[in-house]
Amino acid sequence: MLPSVLPTEADHVPVLADEVLAALHPRPGDTVVDCTFGSGGHSRLLLSCLQGQGKLIAIDRDPTVKPYFERLRRERGTRMRLLNGEFSAVLSQLAANGVRADAILLDLGVSSMQIDRPERGFSYAADAPLDMRMDPSAELSARVVVNEEPERELADIFRRYGEERYARPIARAIVRRRASEPFERTGDLVATIKEAIPAPARFGEGHPAKRVFQALRIEVNDELGVLERALPAALEMLNPEGRLAVIAFHSLEDRIVKRFLRTSEHGCTCPPEFPRCVCGATPLLRALPRRAIRPSAAEVARNPRSASARLRVAVKIG
Ligand SMILES: C[S@@+](CC[C@H](N)C(=O)[O-])C[C@H]1O[C@@H](n2cnc3c(N)ncnc32)[C@H](O)[C@@H]1O
């Protein structure tokens, strides 16, 4: 059964859509891998380029995307497969099985569909169970992290993944409160964060719980670890001249993508003081362009969630 809230084409606009199409420009007959299917916004556009010829492999760790995939398959009729799983594991498996692709897209993070469903616990704006798992069958949830991590670890998570200035007082307040009553709901966590930070900071830039929620989401879903593992697997899967496009939404992710592209573009891993190369590694890809592509002012006005998006593109060297 389709959920009653399936977005229509008109209300789900994929981020940097024109830029992704221009970067990947799949041709009829190509194999395209959308590692982050979501509600299929980018897949729909990529399929239009295939004109009924070629293949789309869609991946998502959230099984609730299935109705969106089924709807798209009914509409398009192109060869399409949905693989439910974590993209770094799925890409490694596909690469090991000899599957090759001409275009691979990663549109990182959570979807509007996940944020807008309060029961998933991603949003600080609604009181809901403390969850934040993209894959609802995963063992680690935000409830486990908040109730079980030692104070020092919690502070480290908030600082590292959320760049939260008040990481230590927030971690201390969480540990104090959970000693009498474990956290079950996002609302309790938001209240504890607000109490832990100085009054002026409660009314500063953005919601006071925004950075802690981002940090917990990254920790629960190991978002940086899976990205580190996915990029080499994606590169291995690409055919010569195949293209990789990655959309990141915060600097921690973008830094990983940028570093990977730089290293693969450079090839040689010898220390700079070596007079000549002894490692023999050759460049594996070309970054196109060298700088990240940002959404236009018009796109940000239309879709404020796109504001922090950065697209990086590379072509595998043949
Ligand atoms: C930003 S949304 C993608 C939206 C999609 N491009 C669209 O146009 O509808 C990210 C999606 O990727 C999934 N996702 C994020 N990280 C993942 C991972 N490591 N493995 C598999 N799926 C992942 C999320 O569950 C979510 O559905």
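Restricting the GluC sites (Glu not before Pro) of region 8-88 to loop positions (DSSP other than H, G, I, E, B) with no more than 14 neighbouring Cβ atoms within 10 Å leaves E9.
For region 267-318, the alpha-carbon coordinates run over 51, 27, 13 Å along the three principal axes, in decreasing order.
In the chain, the sites counted are trypsin sites (Lys or Arg not before Pro) in DSSP loop states with at most 10 other Cβ atoms within 10 Å, and the longest stretch holding none of them, exclusive of the sites, is 1-275.
Amide H to amide H, with H built 1.01 Å from N, M80 comes under 5 Å of L56, counting only residues 5 or more places away or on other chains.
Take the alpha carbon gyration tensor of region 145-208, find the square roots of its eigenvalues, order them as a ≥ b ≥ c, and report rounded if a/c is under 1.5; if not, report prolate when a/b exceeds b/c, else oblate. Taking the square roots of the gyration eigenvalues as a ≥ b ≥ c, region 145-208 is oblate.
Computed over every Cα-Cα pair of region 164-307 and binned at 5 Å starting from 0, the pair-distance distribution P(r) comes out as 2, 7, 12, 14, 13, 13, 11, 9, 8, 7, 4, 1, 0 percent. Only one residue of P136, A125, A196 has its Cα farthest out toward the positive end of the dipole of region 118-213, where Lys and Arg carry +1 and Asp and Glu -1 on Cβ, and that residue is A196.
Of all lysines in the structure, the ones whose alpha carbon falls short of 23 Å from that of K194, not counting any fewer than 8 places away in one chain, are K210.
Scaled to the globular estimate 2.2 N^0.38 Å, the Cα spread of region 62-137, given as radius of gyration, is 1.33.
Under the combined filter of DSSP loop state and at most 13 neighbouring Cβ atoms within 10 Å, region 227-310 retains these GluC sites (Glu not before Pro): E273. Please work out whether region 58-212 counts as rounded, prolate or oblate from its C-alpha gyration tensor, where a ≥ b ≥ c are the square roots of the eigenvalues and a/c under 1.5 means rounded, while otherwise a/b larger than b/c means prolate and anything else oblate? Judged from the Cα gyration tensor, region 58-212 comes out prolate (a/c at least 1.5, a/b above b/c).
Figure note: V278, V246 ranked by solvent-accessible area, largest first, 1.4 Å probe, ligands and nucleic acids not counted: V278, V246.
The fraction of all Cα pairs in the chain landing in successive 20 Å bins from 0 to the largest distance is 30, 54, 16, 0, given as whole percents.
Expressed as a rounded percentage, what relative contact order does the chain have, with Cα pairs under 8 Å and six or more residues apart? Can you show the working numbers first?
Numbers: 535 pairs, mean separation 56.2, N = 318.
Relative contact order comes out at 18 percent.
Per residue, the solvent-accessible area of the chain (1.4 Å probe, heavy atoms of protein chains only, all protein chains present) comes to 49 Å². Give the aspartates and glutamates whose C-alpha is closer than 20 Å to that of K316, dropping any in the same chain fewer than 8 places away, or say none. Cross-link targets: E19, D30, D34, D102, D107, E228, E236, E241, D254, E265.
Only protein heavy atoms count here; on that basis, with a 1.4 Å probe, H266 has an accessible area of about 120 Å². Rounded to the nearest whole Hz, the Karplus-based 3J(HN,Hα) values (6.51 cos²θ - 1.76 cosθ + 1.60, θ = phi - 60°) of region 98-115 follow the sequence x, 6, 10, 9, 9, 8, 10, 10, 10, 10, 6, x, 9, 8, 4, 4, 6, 5, with x at glycine and proline.
The values are calculated or read from the model by the stated rules, or taken from the named source; none is laboratory data. Everything numeric here is computed off the predicted structure, so don't read it as measured data. Reconstructed Cβ throughout: ideal geometry from the backbone, glycine too, with neighbour counts over all protein chains shown. When the accessible area is computed, the model is the full protein with side chains, heavy atoms only, and any ligands, DNA or RNA have been set aside. Shrake-Rupley method; radii C 1.70, N 1.55, O 1.52, S 1.80 Å.
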